[in-house]
Amino acid sequence: MSQELKQTIKDMVIVGKGILAADESVKTATKRLASIGVESTEETRRQYRNVMLAAPGMEKYICGVILYEETLHQKSNDGILFPEVLSSKGIVPGIKVDEGLADFDSSAEQYTRGLDGLGDRLEKYKEAGTRFAKWRAVYSISENTPTEKLIQRNAHDLAKYAKICQQHGFVPIVEPEVLIDGTHSIDACHKVNEKVLRAVFDALNKENVIIDCAILKPSMVISGKEANSRAGVDEVARRTVKCLKATVPEELPSINFLSGGQTPQEATAHLNRIHTLGEDLPWYVSFSYARALQDPALKAWQGKDENIPKAQKAFVKRAKLNSLATMGKYKEEMENEE
Ligand code: 13P
């Protein structure tokens, strides 16, 4: 079993490459499509996935894609099942396995559902060709949140999920997302991230999760979206590295950030700066973006077939810029290049 996990890690931890999160739930995909005036149906969601997953050349920059259950059984415009489209390009298909958020403890917070029957679902997903999984927990920052109770609950559930994944031969992506919404300072974000990550790794250890066969998908340490004055690129990068070094064991193979509402340019610039600080990073550090990789393509596509080539170009360009960022080779002026 651990041989299988190790091979998946090998296929997903590749210099210059990262992960595309294309696992928006029906609800989230509907929101994205509404932003370009397209009605959300099974077919329009398939067309949207096709823009990204069938984009020529994306395999140069992307080594794994997180899919949503519906997409597993859908086909590209060329009639090939999406997981096969990816595998044939050497990209590892993965699957979002959490079942979304629910109210927690009658407070303003939410926990993540999906542990019931997870093992059986993983067996089904394995038949469909996926080899890794994702589970997202969320934490909001306000005067009273996140509560210690939620931090412990999420850590516990993330660890249980990771353990079950590994027992079924899936590499778990552990995603504790500290939300960017709010007016909080970068300092507040730093403290919360540190507390959350400590709790997560304590729980993973207690559950005997094999750390070198797991991937962490954290938020960057960043000011709240509505904060009065927001920290610059340099401070975000420094604080993020400091926080990760204080909490993440060295044997973890890869850290792949979520973009969490940063603009595509911000998400790339931050990742790039993390790699130009001159800090020794014990893990591979890359991206697992959804919005920051797909938004420009979504806008270029507009739901029209004739725009597919333009949209795919926009997507591959973003993937390339993020690939350069993982090597500290991104420059702002590249934004204006073809
Ligand atoms: P964003 O990059 O849009 O935050 O999405 C990443 C993700 O997978 C959220 O679960």
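Results, tabulated for the structure shown:
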item	result
Residues of the stretch 125-143 that turn out to be within 16 Å of the ligand (Cβ to nearest atom), within 30 Å of Ile91 (Cα to Cα) and not in a loop (DSSP other than H, G, I, E, B), as a count	7
The stretch 246-302, residues that are surrounded by 22 or more Cβ atoms within 10 Å (Cβ to Cβ), in contact with an Asp or Glu (Cβ under 9 Å, 6 or more places away or on another chain) and of a type in the set (Ser, Thr, Tyr)	Ser259, Thr268, Ser288
Of residues in the stretch 215-233 being more than 23 Å from Ile9 (Cβ to Cβ) and of a type in the set (Lys, Arg), the one farthest from the ligand (Cβ to nearest atom)	Arg230
Residue in the stretch 144-156 that is more than 16 Å from the ligand (Cβ to nearest atom), hydroxyl-bearing (Ser, Thr, Tyr) and either modelled with pLDDT under 95 or open to solvent by 10 Å² or more (accessible area, probe 1.4 Å) (or both) present	yes
In the stretch 250-284, residue farthest from Leu324 (Cα to Cα) [restricted to those that are within 12 Å of the ligand (Cβ to nearest atom) and in contact with a Pro (Cβ under 8 Å, 6 or more places away or on another chain)]	Leu258
Some residue of the stretch 31-54 being within 17 Å of the chain's Cα centre (by Cα), touching a residue at least 60 places away in the same chain (Cβ under 8 Å) and open to solvent by less than 10 Å² (accessible area, probe 1.4 Å)	yes
Residues of the stretch 19-61 satisfying the condition of being within 14 Å of the ligand (Cβ to nearest atom) and more than 19 Å from Phe170 (Cβ to Cβ)	Glu24, Ser25, Lys27, Thr28, Ala29, Lys31, Arg32, Ser35, Met52
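The values are calculated or read from the model by the stated rules, or taken from the named source; none is laboratory data. None of these values were measured; they are calculated from a predicted model. Using ideal geometry, Cβ is built from the backbone for each residue, glycine included, and neighbour counts are taken over all protein chains shown. Keep in mind that these areas ignore ligands, DNA and RNA; they rest on the heavy atoms of the full protein, side chains included. Shrake-Rupley method; radii C 1.70, N 1.55, O 1.52, S 1.80 Å.
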